[in-house]
Structures are given as C-alpha cells and as structure tokens.
1. Which residues, counting only those in the stretch 77-107, are of a type in the set (G, A, S), open to solvent by less than 80 Å² (accessible area, probe 1.4 Å), more than 22 Å from Y14 (Cα to Cα) and out of contact with any His (no Cβ under 6 Å at 6 or more places or on another chain)?
2. Which fully enclosed strands (runs of 3 or more DSSP E) of the stretch 1-111 have 3 or more residues being without any contact (Cβ under 8 Å) to a residue 24 or more places away in the chain?
3. Here is a check on your reading of the model: is V98 closer than 29 Å to A126 by Cα, in contact with a Leu (Cβ under 8 Å, 6 or more places away or on another chain) and at pLDDT below 95?
4. Please enumerate the residues belonging to the stretch 33-68 that are open to solvent by 60 Å² or more (accessible area, probe 1.4 Å) and among the hydrophobic types (A, V, I, L, M, F, W, C).
5. Is it true that H30 is open to solvent by 80 Å² or more (accessible area, probe 1.4 Å) and within 12 Å of the chain's Cα centre (by Cα)?
6. Kindly provide the set of residues from the stretch 46-96 that are small (G, A, S) and more than 26 Å from Y132 (Cα to Cα), ordered by number.
7. Can you pull out the residues in the stretch 115-127 that are surrounded by 14 or more Cβ atoms within 10 Å (Cβ to Cβ) and closer than 21 Å to V21 by Cα?
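The values are calculated or read from the model by the stated rules, or taken from the named source; none is laboratory data. Small disclaimer: the values here were computed from a predicted structure and weren't measured. Cβ coordinates were reconstructed from backbone atoms using ideal geometry, including for glycine residues, and neighbour counts include every protein chain displayed. To get the accessible areas, we keep the full protein, side chains included, count just its heavy atoms, and leave off ligands, DNA and RNA. Shrake-Rupley method; radii C 1.70, N 1.55, O 1.52, S 1.80 Å.
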Amino acid sequence: MTSRPPPRPAAKSYDGEGIVVGFDAHRCLHAAECVRGLPAVFDVGRRPWVQPDNAPADEVAEVIHRCPSGALQYHRTDGMPDEVPDAPTHVSLHADGVLHVRGDLEVATPYGPRHETRVMLCGCGATADTPYCDHSGPCAGHG
C-alpha cells in the first residue's frame with residue numbers, strides 16, 4: 001500500500017469587493033512584485049497583509065498576474081473573468097536552476113494534478129514543495 005503525503009493546507013484567502021485573493025505561502029519566493037506593484041493592497045508589515053479593497057479589482061488582478069511563482073492567485077466575483085493564461089505557454093530556465101513557466105498548465109503534484117497559470121518549478125530536485133521551487137536545495141546559493 002502506497003502512503004500519500006498529508007494534504008497541503010489551503011491557501012489563505014482575502015475577500016474584497018469584486019475579487020478574492022488567494023495566497024499560498026509555501027510557493028512564495030519573495031519576488032516582491034506585489035508589494036512594489038500595489039503597496040496599498042500588499043503590505044507585509046500590516047495584518048492582514050493583503051487588503052484587496054484598497055485598490056480597484058482590475059489593478060489588484062494586474063499586479064497578481066506579475067507574481068512569477070503563482071503564490072498569489074485571484075478569483076473575480078464581479079462578473080469579470082478570472083486570470084487568462086498566457087498563450088503560447090512560455091518556459092524559461094533561470095541561472096539558479098528554477099524553471100519559470102506561464103500558460104495553461106496542469107502540474108503533477110504529490111496531491112494530484114493542479115491547474116496553474118504561473119509556476120516556478122524546481123530544477124535541482126531538492127525542494128520540500130515538489131514540484132515547486134522553495135530554494136531549499138543547491139539553488140538557494142544563487143539568490
């Protein structure tokens with residue numbers, strides 16, 4: 001009998017007017033696109049650190065789309081579409097061994113397949129968050 005890993009905790013959810021922001025701390029590699037892009041909404045010195053009502057939902061969605069790891073996601077509740085995957089799919093290997101992938105993706109994980117639009121995948125194989133990079137392996141020295 002094969003043992004399955006325990007289910008990962010769900011991403012934290014932040015409800016706003018017209019948009020719900022999800023954040024998966026396990027996937028965040030601190031690119032800081034969010035805090036640089038919209039500090040009124042994303043402020044790590046404040047609790048809660050995500051306050052989606054501090055900007056229009058369109059601006060929140062645009063900044064979330066810049067998050068390379070996919071740690072930030074959104075769902076529109078105002079009738080506007082959720083994130084549209086980049087087309088064609090784009091894959092780039094960075095010097096630190098991390099694969100950056102954007103597109104309409106199905107990622108095989110220990111917890112089953114996940115539909116994604118943006119991911120940073122481990123290229124060294126030493127991640128604790130398979131297959132997502134967490135910079136815990138040899139690539140950590142390349143930061």
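1. Result: G97, G103.
2. Counting at least 3 such residues, we get 90-93, 99-107.
3. yes
4. V44
5. yes
6. Going through the stretch 46-96, the residues small (G, A, S) turn out to be 55, 57, 61, 69-71, 79, 87, 92, 95.
Passing the criteria: A55, A57, G79.
7. Passing the criteria: E116, T117, R118, V119, M120.
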